[in-house]
Amino acid sequence: MKHTHPLPGDIGLTQISGVSGRLIRFGQWINGDGFADYEHAFLVLPDHQVLEAEPGGARIRPLIDYDGANVLYVCPEGLTERQRAGICTAATRYVGVPYSFLDYAAIATHRFHVPVPGLRRYIATTRHMICSQLVDQCYLDAGVHLFADGRWPGYVTPMALYQLLAR
């Protein structure tokens with residue numbers, strides 16, 4: 001479900017410009033998500049804040065930082081206030097979790113069925129996450145399973161969130 005005014009628990013999907021955005025877009029393409037305009041995901045929190053994974057670690061910052069940006073706000077249909085509160089509570093536990101560009105490579109390795117010992121555990125760990133993994137993990141911690149397709153925990157990109165919630 002799409003929103004024009006973000007609510008706590010909503011997922012923001014947006015673009016990243018420059019080299020980083022192009023690298024993420026390429027990583028998503030390798031993972032079968034195509035070349036599209038959403039390279040970053042973040043979680044809307046109460047009090048006009050957001051939680052997002054960044055190269056320096058996950059952090060909370062003001063939602064106003066996205067004013068003027070092309071952001072699509074989405075959430076699953078029927079998300080309750082209680083679930084939204086649980087998602088936001090879970091989010092606070094991940095402040096400072098390191099970002100991992102290697103997660104894109106790990107996700108691609110899984111997509112191409114390369115047998116790497118410990119790969120599933122590496123992708124699923126919450127000790128390092130890309131932005132979309134962080135959002136998905138907050139939902140999981142609150143008991144909301146976004147993906148019902150049998151995918152591995154952590155096997156999610158920003159475009160996977162778009163394809164699930166915005167189409």
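Every read-out reported here was derived from the displayed coordinates using simple, explicitly stated rules and does not represent laboratory data. Keep in mind the model is a prediction, meaning the values are calculated, not measured. Because the Cβ atoms are built from the backbone with ideal geometry, glycine has one as well, and the counts that use them run over all protein chains shown.
A few notes on this one:
- Residues within the reach of a label modelled at Thr80 (point 7 angstrom out along Cα to beta-carbon, backbone nitrogen below 15 Å), restricted to the stretch 125-151, are 142-145.
- Spherically averaged projected area of the stretch 50-127 from its Cα convex hull (nm²): 7.2 nm²
- Inter-site label distance for Leu119 and Trp152 at 7 Å from Cα along Cβ, in nm: 0.6 nm
- The value of relative contact order for the stretch 47-101, using C-alpha pairs under 8 Å at least six residues apart, is 52 percent.
- Förster radius 22 Å - calculated FRET efficiency between Asp47 and Ala166 (Cβ-Cβ, nearest 0.05): 0.30
- Rg/Rh for the chain, where both radii come from Cα atoms and Rh is the Kirkwood radius: 0.93
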